[in-house]
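Okay, structure first, notes after.
The values are calculated or read from the model by the stated rules, or taken from the named source; none is laboratory data. Model, not experiment: these values are computed from the prediction. With ideal geometry, Cβ positions are generated from the backbone for all residues, glycine too; neighbour counts draw on all protein chains shown. Heads up: the accessible areas ignore ligands, DNA and RNA and are worked out on the full protein's heavy atoms, side chains in. Shrake-Rupley method; radii C 1.70, N 1.55, O 1.52, S 1.80 Å.
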Amino acid sequence: MKKLIVIIILCIMAVGLAACSEPERGQSQTTAASKPTSNENTGKSGLEPLDNKPKTIVISVLAANDFYKLAKEKYEKLHPNTTIQLKEFESSSDGVMSKAEVEKFVKQTTTEVLSGKGADLFAFTTVELPIDQYINKKAFVNMDEWIQKDSSFDPKQYQMNILEGSKMNGGSYILPIEFYLEALYGDAEAFNNAGIAIDDRSWTWSDFADISKQMKGKGSRRYAMGNIAPETMINNLVSDNYSRLIDGAGGKASFDSQIFMDMLKQVKALYDDNVLKSDYVDNKNSSFTYSLITSPSDYLVRLGLYYPNGKVYQKPHSSDQKSGVSFVPTNQIAMNANSKVQRDAWEFMKFLLSEEMQSYPRQTGFSMNKAINDKDIENLESKEVLQDPKSGSIKIKAEDLESIRELLSAPSVRNMGYESTVQKIITEETKAFFSGHKTTEAIVKLIQNRVVTYLNE
């Protein structure tokens, strides 16, 4: 019996020692680095390590810019067994694409996406594609599934408010690579002199109209804002209420609802009451100026460019719609649900978000990687003055830099874009309403029918 007990103990010790030494056997440095470890605190189990089998990741893109070319070069050096193939659209023009070519690209890409035989990844930059349709047909992977499984993906490193704000149909089907912030620059000095306080964290378009009418009544400004057409303005409201008006997964829309009818009437009233104006209005005759912000330094330049003592305000939203800083993704990528190399494709997507790639100097917007945005702000903190060709010397104030940090960390609302199919339908049809040629009822019926048809194509 004693001999049997000794044998059992020795077997248990041998198994334990083998288990301890197993991770070190036959594992290259690259594979070990690629394999995430289990993380009980995050609830993530980790992914299988990348293997060394030869493979190709095909990326469909309108035109391969320097960012993607550099990503291909660097990633292939890190992963010699992987080839990144940039599949570009064949265009006959060297410069701006014609309308016919844009339509051809959209049609070609849509056919490719929905066929299930297309590229592994789809990169979206300058041309809006019918994303609703792709997601509705379950053509893209919900990246939340990979994020939840991958213990090497640390949410603290990224602008998760932007990722959260980019969700459609409850999932992260599109991964933003970089983005612009959307805001209103306002004449803070004029508001203070008029005794008007603005709480832009909770204001609605109705509040915006009321404030503008108060300013007009005091004779300091004639318009709240110019250079914005009513069909653009209604699309602004549609973007804020996208999930309430469009059910992409179900192929349904609610443009014949009272919600949308009220939006149309509200926008028309803003122009009828001379709060907003389609034509050009200089800053001296407007209280606000709409603008996109592309970087911390761009924020400071515009702050001094529009008004002597200006301030940035969050864009107003519709009532009952969550407030937040509006943003516009300028570079996005999605994964084909039928890709045979999803594990490797996900690794490449993460690489695009790395500090190495996000620090690429020719990026044109804010980074999804927090460290890059922090460095940009810290570089400005080390200076007293920012030199700009148009605005001259701009004094860098600590409170202005803190405002940028607040904008970047605030809850975010994605602008769905004005070139999407749904937005184009709204632009085309609402012109007749705002010009007085068609009734509210007639317009909403037309839009409803066209959008539902599109969603179910």
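With the other protein chains left in place, how much accessible area per residue, in square angstrom, belongs to the chain at a 1.4 angstrom probe?
Roughly 50 Å² per residue, with all protein chains present.
Which angle between 0 and 90 degrees, to the nearest 10, do you get for helix 296-306 versus the longest principal axis of the chain when only C-alpha atoms count?
The angle comes out at about 0 degrees.
For the chain, what does the helix formula give at 222 nm: sum of -39500 (n - 2.57) over DSSP H segments with n ≥ 4, over the residue count, nearest 500 deg cm²/dmol?
-13500 deg cm²/dmol
Tally Lys/Arg at +1 and Asp/Glu at -1 over every other residue whose Cβ is under 10 Å from the Cβ of GLY186; what's the total?
Around GLY186, the charge tally is -2.
Once you put a point 7 Å from the Cα of ALA432 and another 7 Å from the Cα of ARG405, both along the Cβ direction, what distance in nm separates them?
Between ALA432 and ARG405, the simple spin-label model gives 5.3 nm.
Using only the Cα atoms of the range 149-302, build the gyration tensor, take square roots of its eigenvalues as a ≥ b ≥ c, and label the shape rounded, prolate or oblate: rounded if a/c is under 1.5, else prolate if a/b is larger than b/c, else oblate.
oblate
Mind checking which lysines have their Cα closer than 23 Å to the Cα of LYS284? Skip sequence neighbours fewer than 8 apart in that chain.
Within the straight-line cut-off, LYS284 pairs with LYS213, LYS216, LYS218, LYS311, LYS315, LYS390, LYS395.
How much FRET efficiency would the formula 1/(1 + (r/R0)^6) give for ASP144 and SER391, where r is the Cβ-Cβ distance and R0 is 35 Å, rounded to 0.05?
About 0.25, to the nearest 0.05.
Just to confirm a number: summing +1 for Lys and Arg and -1 for Asp and Glu over residues other than GLY304 whose beta-carbon lies under 11 angstrom from that of GLY304, what do you get?
Value of the local net charge: +2.
Pop a pseudo-label 7 angstrom from the Cα along the beta-carbon direction at both THR453 and LYS69 and give the gap in nm to one decimal.
4.3
Which Cα, out of LEU245, PRO49, ILE259, lies furthest along the positive dipole direction of the chain (beta carbon charges, K/R +1, D/E -1)?
The listed residue farthest towards the positive side: PRO49.
Please work out whether the range 293-442 counts as rounded, prolate or oblate from its C-alpha gyration tensor, where a ≥ b ≥ c are the square roots of the eigenvalues and a/c under 1.5 means rounded, while otherwise a/b larger than b/c means prolate and anything else oblate?
oblate
Rounded to the nearest 0.05, what FRET efficiency do GLN258 and ALA100 give with R0 = 30 Å and r taken as the Cβ-Cβ distance? Could you check?
Efficiency for this residue pair is about 0.15.
Sorted by mean Cβ packing within 10 Å, highest first, what order do the peptides 449-456, 228-235 take?
Highest-to-lowest ranking by the protection proxy: 228-235, 449-456.
Would you calculate the separation in nanometres between label points at ASP279 and ASN81, each defined as 7 Å from the Cα along the Cα-to-beta-carbon direction?
6.7
What shape does the range 52-94 take by its C-alpha gyration tensor, where a ≥ b ≥ c are the square roots of the eigenvalues and a/c under 1.5 counts as rounded, a/b above b/c as prolate, and the rest as oblate?
Oblate, because a/c is 1.5 or more while a/b does not exceed b/c.
Starting from the Cα of LYS445, draw a straight line to each of the lysines and keep only those under 21 Å, dropping any in the same chain fewer than 8 residues away.
List returned: LYS252, LYS265, LYS268, LYS424, LYS431.
Peptides 97-104, 108-115: what's the order by average Cβ count within 10 Å, highest mean first?
Output ranking for 97-104, 108-115: 108-115, 97-104.
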